[in-house]
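The structure appears below as structure tokens.
The values are calculated or read from the model by the stated rules, or taken from the named source; none is laboratory data. What you see is a predicted model, and the numbers here were worked out from it, not measured in a lab. Reconstructed Cβ throughout: ideal geometry from the backbone, glycine too, with neighbour counts over all protein chains shown.
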Amino acid sequence: MIERATTPRGGVRFLVLTLAAGLALASCTAGSAPVPSASGNRPGVEGTTLPPAPTTPVPAPGGTGGASVTVSPGKAPETKKESIGNPAEVLPSVKVVISEVRAVTATAQGPGEVSGPAVAVTIDVANGTDKPLDLSTVQVNLEDSAGRPGSGMTGSPAKWFAGSLAAGASGQGVYVFAVPEQSRKPVHVEVSVQPTLPTVVFTGDI
């Protein structure tokens, strides 16, 4: 005779409920995935915080960042016109005059120079002020009757201005330009004692 084990009805009900709860918990655990936290943690790595994204400062409206400033150019020096032989005042008590222009035969001395017919321009500067006058920046140019620039020559009798002119003193410089004989009526000689002072254009026949 075989005896069958019996289980009370209440025990069966408890066992069924326990199994159902276990299956539900396993299902929720398997179907869920780690969710990144609002603090920027990397997925699957707890407690690791991402570095903040790099930022570029942007100047506030009305600030100086990126602003451009326009600077007005200074006023160009005045240009005066005078006849050869007449003095021109470039500064109170400072006068410039072409005292002589004569034909010469120039000898080439420097690179690019060509020996031949030329003119020697003698310039006098009188400093009637009570301070020395800087003559190291004197510029002299010549344009012939055809509008071509005269080629400067450095050989004798050229003697350019240099250094300073004492208060109350006068100085003289000689500038030589290669100019064809047929292009000397008239010539225009431009003299600038200093970049900030008026430029004088002297005109006359040779």
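Yes/no matrix, rows are residues, columns are (1) of a type in the set (Lys, Arg); (2) touching a Gly at 6+ places or on another chain (Cβ under 8 Å); (3) surrounded by 15 or more Cβ atoms within 10 Å (Cβ to Cβ):
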site: LEU133; (1), (2), (3): no, no, yes
site: GLU143; (1), (2), (3): no, yes, yes
site: PRO157; (1), (2), (3): no, no, no
site: TRP160; (1), (2), (3): no, yes, yes
site: TYR175; (1), (2), (3): no, yes, yes
site: VAL179; (1), (2), (3): no, yes, yes
site: ARG184; (1), (2), (3): yes, no, yes
site: THR199; (1), (2), (3): no, no, yes
> Take the residues of region 186-197 that are outside any strand (DSSP E or B) and of a type in the set (A, V, I, L, M): which is surrounded by the fewest Cβ atoms within 10 Å (Cβ to Cβ)?
Replying inline: LEU197
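For region 150-171, check the following and say yes or no: at least one residue is of a type in the set (Lys, Arg) and more than 21 Å from GLN194 (Cα to Cα).
no
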> Pick from region 110-126 the residues that are without any contact (Cβ under 8 Å) to a residue 60 or more places away in the chain and in contact with a strand residue (DSSP E or B) (Cβ under 7 Å, 6 or more places away or on another chain): which of them is farthest from VAL90 (Cα to Cα)?
Replying inline: SER115
> Residues of region 114-131 being buried (at least 19 other Cβ atoms within 10 Å of the Cβ) and either β-branched (Val, Ile, Thr) or in contact with an Asp or Glu (Cβ under 9 Å, 6 or more places away or on another chain) (or both), which ones?
Replying inline: VAL119, ALA120, VAL121, ILE123, VAL125
>> For region 134-142, check the following and say yes or no: at least one residue is modelled with pLDDT under 95, farther than 22 Å from THR203 by Cβ, in a loop (DSSP other than H, G, I, E, B) and out of contact with any Pro (no Cβ under 6 Å at 6 or more places or on another chain).
In response: no
> Residues in region 162-173 that are small (Gly, Ala, Ser) and either surrounded by 17 or more Cβ atoms within 10 Å (Cβ to Cβ) or closer than 12 Å to VAL119 by Cα (or both): how many?
Replying inline: 2
> Out of curiosity, is PRO117 part of a loop (DSSP other than H, G, I, E, B) and not acidic (Asp, Glu)?
Replying inline: no
> So which pairs qualify, if the first residue must be in region 127-141 and within 12 Å of GLN194 (Cβ to Cβ), the second must be of a type in the set (S, T, N, Q) and surrounded by 12 or more Cβ atoms within 10 Å (Cβ to Cβ), the Cβ gap must be under 6 Å, and the two must be at least 6 apart or on different chains?
Replying inline: LEU133/ASN127; ASP134/SER164; THR137/GLN194; GLN139/SER192
> Conditions: (1) within 35 Å of the chain's Cα centre (by Cα); (2) in a loop (DSSP other than H, G, I, E, B). SER145 meets all but one. Number of the miss?
Replying inline: (1)
